[in-house]
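Derivation of every value follows stated rules applied to the coordinates shown; laboratory data play no part. Predicted, not measured: the structure shown is a model, and the values here were computed from it. Note: ideal-geometry Cβ built from the backbone for every residue, glycine included; neighbour counts use all protein chains shown.
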Amino acid sequence: MSSSPRRVHLAAHFPGVNNNTIWSDPRSESHIAVDSFIHMAQTAERGLMDFLFLAEGLRLREMNGKIYDLDVMGRPDTLTVLSAVAGATERIGLAGTLTATFHEPYELARQFATLDHLSGGRAAWNVVTSPDAFTGENFRRGGYLPYPQRYERAEDFIDAARTLWESWPASAQDADDTAGAYEHRSEFFDISGRFDVPRSPQVHPVIFQAGDSDSGREFAAGSADVIFTRHSELEDGKAFYKDTKSRLAKYGRAEDDLRIYPGVSYVLGDTDADAAGRAREQAYAQHSGATAIATLERVWNTDLSSFDPDGPLPDFDPVLDGPEVSQGRVKHVKDPVATAQRWREIAQAENLSIRDLVVRESPRFAFVGSADTVARKMNQYIQERAADGFILIPTVVPGGLDEFVDTVIPRLQEMGVYPDSYPSDDPALRATMELNEYRPATEWSQARADVRAAATNGQEA
Amino acid sequence: MSTPSFVIAARITPRPGIDRVDPAKYFSGAAVRQAALDAETAGAAFVLLDDDLDTAPAAGPAAGRLSALQTAAWLGPQTSSIAVVPTLRTTHTEPFLMGTESASLDWATHGRAGVLFAPSLGADAAANVGRRATPSADPAWAETADVIDVVRRLWDSWEADAEIRDQATGRFVDRSKLHYVDFSGTDSASEEFTVKGPSIVPRPTQGHLPVFVEHAPDAPLEALRGAVEQADVVLLPAESVGPEAVKVLDWNPSACVLAVIDADADALDPEIVARWVQVGVSGVVLETGPYDVELAVRAAAGVVPELVGTDESPDEQSTLRARLGLPPAENRYANA
């Protein structure tokens, strides 16, 4: 193709409550203080990024029946932080994760509409689900939602929220006694009345979906503007991109209507060799001896606290029939016995301790190299359609983004794939991301209904 | 700690039928920000931001409003000494979320925040949220007392020094300083509700945010007794503040009682204020709406100059607890 190059989009993930975040680094500061969030948001804004992304926590993780104490833990409420950050920034988008399982449409819709108003249209909602009884113990209703219904409620939740966001006339000046009147009656919700927030600048905040599964991709194609995905190698990324984008046409959507943003880690250095050395140091900083044992415990599903992290792996197989030792975290290992077997073989062949093995088997940093190398590799993903942008995940709060903005972004600008200013005078995130304006709720739901009717007819034919 | 001077505060939410708001300016937040800055300039201790989940009262063409807690958080970085006190409604919102949102607001304002708890008594709030029936006043206020209790426990569920970053053992926190709250309360429909804890948010900057309750016309004062006993600050209508203050201070002798008064009325004169002070009233909340706040606060201060004192530039680091003369918050779980 000889057309002009696709531009690179970047965003920033505030470091999360896992061992990717290195709290032992002497530069690491509070991950709760509002000034840490403002620092990272202002750095992202200086780097002309699309948005700052926050995860959500609703229960502290547990291990062996006790609160897990090895990682950064605790975090302030997503929307409260984003509202504060909105008051200290001008352009950066404000993306918050909130579960469709334990929130309610009326409350969440007015909170997002408020954020969109106060920020001049910079709000985004990452819709996730959390249908487990463990999280439910902090809520009135407990664990109530069967796992297969998690996306059904989420989809219906978004429809309800969109209905509320559209319930006022285009100009609040035209509002009368009926402004905000709405009704949403469905399997999951039976709500009606008058919404109290006038249309916000974007009308609908940008909607994200996080998750790579087949049903997650379909959910994104039918309901979302952005899909937040895991990083993968270039060819796998291209396959994911092609598959996900191919689902859009039947919903009446074009390739650019759903953006793919993998979450990526990175390690920079003066040279590629320097960066590789730093990556190795960081991997050990992310895996203390205690963290290495805990990582093993999640695979073996039993208490291994008597093992020496600098010694050999357990010679017995994982426990399959016991209760889960780890609570409140997504499981990544699908076949523990096979994983344990493979790890023992690797450790034996390479003479690795538990900690060495865990570091070796931990997820690799996505991009490692000099600023020039990282800029070129990232650009390749964009040009070859393995991604539309990246959500950068730093390892240190609050300064972990600074070096990237100071060194990689100038390289991307020199390459002609990154802008020198925000693309629009309008601070709205839809303008910053060059997304279309909002699509009405009825169009979304009608398109999905048509797709499902066609699928049913196809099965019957 | 020195005895606080007479507290002057402003409620900057538009007053139905009085303040006509310009939607273009109001919903961008500009008017609210200006009101908070004007109140700050005039030396007010805090601004109140009303909220509910029912149909908004009409105020000019816009019968709308913004979520108060988020507006308060947004004001945090844009103000320097004034505190913000949003309303949280206890009937439909999850108690766990009220705990995390309020704690986060305290972090977002460096300790310049309080929270006013009140039930949602309207049928339209119940229809909007769609989870629970419309409650009557007594059980809804009883539930409010339970919510205040569990929120305070959630604030206590992280001891202040729980984060240890101990490299020798690889531990980020000392989990013996984190506490399950295992709360069981009764909701407004007489059903049990439980909250496990601990909070997801570390202990608020102030330990506990000052907890406000207000006696509004929609319930008798007696219905509020449980909530008043749990509160730090009790707002009473100026018309009946004398006898009500006596009752409130009997139920909760350490409460800070404030009289709520229409800023446009000339009711605030030195003799009346002197009588209020005699029965234990510590200050006033002026119903100013979002406009002309500075003038109203300065006028009130001029009525009682000897009580207000001359310090119009409070320490920028001073917390709302300190400005209200509240003692440091203790933690029920510490050294337990």
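If you bin every alpha carbon distance in the protein assembly as shown into 20 Å steps from zero, what whole percent lands in each bin?
Histogram of Cα-Cα distances, whole percents per bin: 15, 48, 30, 6, 0.
Let me make sure I get this right: for chain A, a, b and c are the square roots of the gyration tensor eigenvalues over alpha carbons, sorted descending. Under 1.5 in a/c it's rounded, otherwise prolate if a/b > b/c, else oblate. Which is it?
Judged from the Cα gyration tensor, chain A comes out prolate (a/c at least 1.5, a/b above b/c).
Of A:Gln327, A:Ile293, A:Leu313, whose Cα points farthest to the positive end of the dipole of the range A:288-361 (charges on the beta-carbon: +1 Lys, Arg; -1 Asp, Glu; origin at the Cα centre)?
A:Gln327
Mean projection of the alpha-carbon convex hull of the range B:7-323 over all orientations, in nm²?
With the hull built on Cα positions only, its mean projection is 17.0 nm².
About the Cα centre, and with charges only on the beta carbon of Lys, Arg (+1) and Asp, Glu (-1), how big is the dipole of the range B:15-162? Nearest 20 debye, please. Mind dumping the intermediate values first?
Working: 11 positive and 19 negative charges, 92 e Å.
Taking the Cα centre of the range B:15-162 as origin, the dipole is about 440 debye.
Compute the separation of the alpha-carbon centres of the range B:151-229 and the range B:263-302 and state it in Å as a whole number.
If you average the Cα positions of each part, the centres end up 33 Å apart.
Suppose R0 equals 45 Å; then what is the FRET efficiency for B:Ser254 and A:Ala133 from their Cβ-Cβ distance, rounded to the nearest 0.05?
Details: r = 40 Å, r/R0 = 0.89.
Once rounded, the FRET efficiency stands at 0.65.
Take the alpha carbon gyration tensor of the range A:288-361, find the square roots of its eigenvalues, order them as a ≥ b ≥ c, and report rounded if a/c is under 1.5; if not, report prolate when a/b exceeds b/c, else oblate.
Because a/c hits 1.5 or more and a/b exceeds b/c, the range A:288-361 counts as prolate.
So which trypsin sites (Lys or Arg not before Pro) in the range A:99-165 pass both tests, a DSSP loop state and at most 16 other Cβ atoms within 10 Å of the Cβ?
A:Arg141
First measure r as the distance between the Cβ atoms of A:Val330 and A:Thr271, then evaluate 1/(1 + (r/R0)^6) with R0 = 35 Å and state the FRET efficiency to the nearest 0.05.
So, using R0 = 35 Å, E works out to roughly 0.45.
Is the shape of the range A:59-213 rounded, prolate or oblate, going by the alpha carbon gyration tensor and its root eigenvalues a ≥ b ≥ c, with a/c under 1.5 for rounded and a/b larger than b/c for prolate?
It comes out oblate by the Cα gyration axes.
Give me A:Met49, A:Met40 sorted ascending by neighbouring Cβ count inside 10 Å, so fewest comes first.
A:Met40, A:Met49
Can you give the angle from 0 to 90° between the axis of helix A:214-223 and the longest principal axis of chain A, with both taken from C-alpha atoms, to the nearest 10?
Once rounded, one gets 30 degrees.
Among the listed pairs A:Lys250/B:Lys25; A:Lys334/B:Lys177; A:Lys66/A:Lys334; A:Lys250/A:Lys377, give every one whose C-alpha distance is greater than 30 Å.
The pairs that break the limit, which is 30 Å between Cα atoms, are A:Lys250/B:Lys25; A:Lys334/B:Lys177; A:Lys250/A:Lys377.
On C-alpha positions alone, give me the angle between the axis of helix A:402-414 and the longest principal axis of chain A, in degrees, nearest 10.
That works out to roughly 70 degrees.
I'd like to know which of B:Ala160, B:Leu320, B:Leu295 lies farthest towards the positive end of the charge dipole of the range B:7-323, counting +1 on Cβ of Lys and Arg and -1 on Cβ of Asp and Glu.
It is B:Ala160, whose Cα lies furthest towards the positive end.
What average number of partner chain Cβ atoms lie no more than 10 Å from the Cβ of the residues making up A:118-127?
If you average over the peptide's residues, the count of other-chain Cβ atoms is 2.
Only Lys, Arg, Asp and Glu count, each charged at its Cβ (+1, +1, -1, -1), so figure out the dipole size of chain A about its Cα centre, rounded to 20 debye.
For chain A, the charge dipole is close to 400 debye.
Expressed as an acute angle from 0 to 90° and rounded to the nearest 10, what is the orientation of the C-alpha long axis of helix B:137-156 relative to the principal long axis of chain B?
Orientation of helix B:137-156: about 60 degrees from the principal axis.
At most 13 other Cβ atoms within 10 Å plus a DSSP loop assignment makes a site exposed; report the longest stretch of chain A without any exposed GluC sites (Glu not before Pro).
A:325-433
If we count every other residue with Cβ under 11 angstrom of B:Ala56's Cβ, Lys/Arg +1 and Asp/Glu -1, where does the sum land?
With Lys, Arg at +1 and Asp, Glu at -1, the net is -3.
Students often check this: by mean Cβ neighbours within 10 Å, which of A:387-395, A:75-83 ranks highest, and how do the rest follow?
Put in order of decreasing packing, that is A:75-83, A:387-395.
Report the one residue of A:Ala431, A:Thr339, A:Phe365 whose Cα lies farthest in the direction of the positive end of the charge dipole of the range A:332-461 (charges on C-beta: Lys and Arg +1, Asp and Glu -1; origin at the Cα centre).
Result: A:Thr339, furthest along the dipole toward the positive end.
Where does the longest stretch of chain B lie that holds no GluC sites (Glu not before Pro) found in a DSSP loop with 14 or fewer other Cβ atoms within 10 Å?
B:1-190
Rounded to the nearest 500, what is the 222 nm mean residue ellipticity of the protein assembly as shown from helices alone, with -39500 (n - 2.57) per DSSP H run of 4+ residues and division by all residues?
Computed mean residue ellipticity for the protein assembly as shown: -11000 deg cm²/dmol.
Placing +1 at every Lys and Arg Cβ and -1 at every Asp and Glu Cβ, with all other atoms neutral, what dipole size does the protein assembly as shown have around its Cα centre, in debye to the nearest 20?
Once rounded to the nearest 20, the dipole reads 1580 debye.
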